[in-house]
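Read the structure below first, then the notes.
The values are calculated or read from the model by the stated rules, or taken from the named source; none is laboratory data. This is a predicted model, so every value here is computed, not measured. Ideal geometry is used to build each Cβ from the backbone, glycine not excepted, and the neighbour counts take in all protein chains shown.
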Amino acid sequence: MTLITTQMIYEELQETKKLVYKLLEKDAEYSINEISLDKAAKLLHVGSDTVLGCVHNGKLKARTYRDKNKVKRYRFRLADIREFQKRSSTLTIEERPEVESAEAMAERIFGTKKKRTA
């Protein structure tokens, strides 16, 4: 007769938990769930223009389609968002071509460079 101890049950439970977590990670990796552009931007903590810049630069995958009003829409797989987050933990200003510097904006609006006062 084999004696099953509390320690044996605890160790088996811990192994089962590890396997469940691995399965959940795999499920998230291969997930086909898609989110909108706005939700992707919120998830990445950036603006939607930055997300579109990453799509146009080929850094982030997206599925595009036209809605009934012929407006171009973007959908992002959660797995692609997670992969992008792993590759680049933070986005720098240089990676955001749509961000205009204050000096460039002043020059564009006023036609002259902003003078610095000390």
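Summary of computed values
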item: Exclusive hit being of a type in the set (Ser, Thr, Tyr) and at pLDDT 95 or above, set Tyr74, Tyr10, Tyr30; result: Tyr74
item: All positions within region 19-70 that are surrounded by 11 or more Cβ atoms within 10 Å (Cβ to Cβ), among the charged types (D, E, K, R) and in a strand (DSSP E or B); result: Glu34, Arg63
item: Sole exception among (1) of a type in the set (Asp, Glu); (2) in contact (Cβ under 8 Å) with a residue 24 or more places away in the chain; (3) within 14 Å of Arg77 (Cα to Cα) for Asp49, by number; result: (3)
